[in-house]
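Report on one structure; see the data block that follows.
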Amino acid sequence: MSQFTSFMDKALDQARAAGARGEVPVGAVLVGPDGALVAQDGNRGRELNDPTAHAEMLVIRAACAQLGNERLTGHSLYVTLEPCPMCAGAISFARIDRLYYGASDLKSGGVEQGARVFSHAQCHHKPETYAGINEVECSALLTAFFAAKR
């Protein structure tokens, strides 16, 4: 039996970098079936003037371009915040096997909150989902970012 290795620390590094750029501090890391890091990024919506430039979307796009395939079967995605409905849809369409996320998003979540994209009959692929990975640290990063804005 192999031991579980979390990549949430790397996603947190990306979230911190996003926050330092003035972006909402969310980071994502995509890991291949062999356990190798495939792509990593943080939110870049303001920087790119692109409302779809969420961390998850950026790593999915980068990995698909790198691999020359729109399917990421066997891959695992680590993200510091529960994906929104848009990102959950992209995760499903990319056929990512496992989703690990830190903080729940009561306002805009699309996995266990709000839209619950993977629960719909129309959802073609439902990844294994694990919530609460490094939840305290992920939540604290977001709380501090928004407190500084007020």
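Tabulated values for the structure
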quantity: Segment 109-130, residues that are open to solvent by 50 Å² or more (accessible area, probe 1.4 Å), within 17 Å of the chain's Cα centre (by Cα) and small (Gly, Ala, Ser); calculated: Gly114
quantity: Some residue of segment 55-68 being within 14 Å of Val24 (Cα to Cα) and open to solvent by less than 30 Å² (accessible area, probe 1.4 Å); calculated: yes
quantity: Single residue of Phe145, Phe93 found to be surrounded by 13 or more Cβ atoms within 10 Å (Cβ to Cβ) and more than 16 Å from the chain's Cα centre (by Cα); calculated: Phe145
quantity: Residue match in segment 45-57 (condition: in contact with a Pro (Cβ under 8 Å, 6 or more places away or on another chain) and farther than 24 Å from Ser6 by Cα); calculated: yes
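The values are calculated or read from the model by the stated rules, or taken from the named source; none is laboratory data. Bear in mind the structure is a predicted one, so any value in this text is a computation, not a measurement. Cβ: placed from backbone, ideal geometry, glycine included. Neighbour counts: every protein chain shown. For the accessible areas, the whole protein counts, side chains as well, though only heavy atoms, and no ligand, DNA or RNA atoms are used. Shrake-Rupley method; radii C 1.70, N 1.55, O 1.52, S 1.80 Å.
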